[in-house]
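J.: Structure incoming, see below.
The values are calculated or read from the model by the stated rules, or taken from the named source; none is laboratory data. On a predicted model such as this, the values are computed, not experimentally measured, just so you know. Glycine gets a Cβ as well: all are built from the backbone with ideal geometry, and neighbour counts include every protein chain shown. Surface accessibility is based on the protein's heavy atoms, side chains included, excluding ligands, DNA and RNA. Shrake-Rupley method; radii C 1.70, N 1.55, O 1.52, S 1.80 Å.
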Amino acid sequence: MGDNQLMPPAEEDGSRVFRVAGISYLRIPSGDPQQTAAFYQSVFDWTVDTNRPEPSFEDGSGHVIGHFRTDPAVAGEAGVRPYIYVERVDDTLEMVSARGGAVVTEPYPEGDLWVATFRDPAGNVLGVWQRGPRDSG
């Protein structure tokens, strides 16, 4: 078998982030980590710990953890771009705009997916995507 056998099952240590070859940790740059943490918590329902200068987070799947940090430069439109899976792209972009972010690329189809990008309040550009029809109803 492959290297995956070297990894203990997630249940043994209570965490789902220990997955061989899986993205599990992100540093999200921000000049105001508390504001950025609040944005991701309210838009994507991430679990955040704001009882520290650089808040930590766990995404909605529990597979990705990280920190909102002041030391890395804001990514803007350059560099690696993470995409967050959502149930409805349009609803998510509405929340992004209402909470201090901005739509960068309006939703567009990729096969049976709908994809869009947004800028968070710190200036980082990330993507969102959904599977299936875009209609809301």
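J.: Tell me, in nm to one decimal, what length is gained between Ile23 and Ser97 on full extension, where the rule is 0.36 nm per residue of separation less the Cα-Cα distance?
T.: Working it through step by step, the gained length comes to 23.9 nm.
J.: Can you give me the distance in nm between label points at Thr47 and Glu106, each placed 7 Å from the Cα along the Cα-to-Cβ direction?
T.: Between Thr47 and Glu106, the label points sit 3.9 nm apart.
J.: Pick from Arg88, Arg69, Arg52: which is most flexible by mean-square fluctuation in a GNM of the chain where alpha carbon atoms under 10 Å apart are linked?
T.: Arg52
J.: Sticking with this one: To the nearest 20 Debye, how big is the dipole of the chain about its Cα centre, given +1 on the beta carbon of each Lys and Arg and -1 on that of each Asp and Glu?
T.: 260
J.: Quick check: with the 1.4 Å probe, what order do Trp129, Trp114, Trp46 take by accessible area, largest first?
T.: Final ranking, largest accessible area leading: Trp129, Trp114, Trp46.
J.: Also: If you take the beta carbon distance between Ala73 and Asp135 as r and set R0 to 41 Å, what does 1/(1 + (r/R0)^6) give as a FRET efficiency, to the nearest 0.05?
T.: Between Ala73 and Asp135 the formula returns 0.60.
J.: Whats the longest run of the chain with zero GluC sites (Glu not before Pro) that are DSSP loop and have at most 13 other Cβ atoms within 10 Å?
T.: Segment 1-76 is the longest.
J.: Let me ask you something else. Can you match Rg and Dmax of the Cα atoms in Å to one of these, [x] 28.2, 94; [y] 14.2, 45; [z] 16.0, 48, based on a calculation from the structure here?
T.: Checking each listed value against the structure points to [z].
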